[in-house]
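Taking it in order: structure first as structure tokens, then the write-up.
The values are calculated or read from the model by the stated rules, or taken from the named source; none is laboratory data. Here the structure is a predicted model, which is why all the values come from computation and not from measurement. Positions of Cβ are backbone-derived with ideal geometry, glycine not excepted, and every protein chain shown enters the neighbour counts. Calculation scope for accessible area: heavy atoms of the full protein, side chains included, ligands and nucleic acids excluded. Shrake-Rupley method; radii C 1.70, N 1.55, O 1.52, S 1.80 Å.
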Amino acid sequence: MKREDLIKKWLDNELNTQELEAFKALEDYENLVKLSSATKRFKSPEFNSSEALNTVLHTINTAKQYSLNWLKPLLRVAAILAISLSIYYYTTNLDTNINTLAAQKTTIELPDASSVSLNAASTLTFNKKNWATIREVILNGEAYFKVAKGSTFNVITSAGTVTVLGTQFNVKQREDFFEVVCYEGSVNVTYETNTEILKSGDSFLIIDGKFIAKEKETKLNPSWINNESYFKSMSFAHVLHEFERQYDVTINSQHVDVEQLFTGSFVHNNKELALKSITLPLNLNYSIENNNSIVLSRE
């Protein structure tokens, strides 16, 4: 079989076993495979074998007049173009992930000029490409939102979903804890099969699967925005978990009652003062080991 016929059948994936062996025996077999692999990245979805054959044969015949060495820079350029196109497609369709570590906070601006302040040890995920049609973020942790007016804005958490049009609110989702506080406008909170509408000052709190009633919120924004964590009749275990996030420490509390309720606050920029704020009201002692390990005990 003629060389050109072998190449055409190879492009059409029609070679039988004997013909395939004959094709592999061609002196420029490896160059044909490399060139075909490079050009396939740029051809149209409708594959035209005759056109591809002519392109390959023309390239090869031209190369014979000079040298096959030109294939190396061509393949290098083709590879660079293919990688660049892949990176562009990947980055323009990829979700954006914002993460904060323990003892870290950050504020970001979304594509519609909405802003999100992310508390310590939290993650926010959204897609820039689809933002014009779908204003939606996925939250794991705690964040304070100032949403620009526009289409529906959804905050999705593993515990529930918050839906708004344009408002200011705080969402906190931790293990066995889900809280939404509305500071301006109104929000819809969906938890399991229930939907609750919150107006300015209203709160929605679920702890260990149980709804907890709260008094009207009078503050203009959550206390953590101002580097302070405030608690009212909250389990001491929850207080300790938040302390660990804000100071990147571990707390040994096996010798104290972590189920007792705590009302008070601690600052985020002075560890010694913060420790005194959460231990003195409960008559507890503390000791710091290795700067990032704290042991609590009874007085």
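Values computed for the structure shown
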{"read-out": "Cβ-based net charge around residue 297, under 13 Å, with every Lys or Arg adding one and every Asp or Glu removing one", "value": "-2"}
{"read-out": "Carbon plus sulfur fraction of accessible area for region 95-225, probe 1.4 Å, in percent", "value": "48"}
{"read-out": "Cut-off under 5 Å, modelled amide H: who pairs with residue 262 long-range", "value": "233, 234, 235, 236"}
{"read-out": "For region 176-183, Karplus couplings with θ = phi - 60° (6.51, -1.76, 1.60), whole Hz, Gly/Pro x", "value": "6, 9, 9, 9, 10, 10, 9, 9"}
{"read-out": "Shape of region 95-225, Cα gyration tensor, a/c cut at 1.5", "value": "rounded"}
{"read-out": "Under 5 Å, built H, 5+ apart or other chain: amide partners of residue 107", "value": "118"}
{"read-out": "Residue 109 paired with residue 265, simple spin-label distance in nm, labels 7 Å along Cα-to-beta-carbon", "value": "2.9"}
{"read-out": "Nonlocal amide H pairs with residue 183, under 5 Å, H built at 1.01 Å", "value": "168, 169, 170, 201"}
{"read-out": "Solvent-accessible area per residue, Å², over region 90-222 with all protein chains present [probe radius 1.4 Å]", "value": "51"}
{"read-out": "Per residue value of the accessible surface for region 243-299 (all protein chains in place, 1.4 Å probe), Å²", "value": "56"}
{"read-out": "Chain lengthening between residue 186 and residue 299 when straightened (0.36 nm per residue, less Cα-Cα)", "value": "36.1 nm"}
{"read-out": "Charge context of residue 141, other residues only, Cβ under 9 angstrom, K/R +1, D/E -1", "value": "+2"}
{"read-out": "Relative contact order [Cα under 8 Å, 6+ residues apart], region 227-299, whole percent", "value": "35"}
{"read-out": "Cα centroid of region 177-193 to Cα centroid of region 224-299, whole Å", "value": "27"}
{"read-out": "Backbone HN-Hα couplings from phi across region 240-247 [Karplus 6.51/-1.76/1.60, Hz, Gly and Pro as x]", "value": "5, 4, 5, 4, 4, 5, 6, 10"}
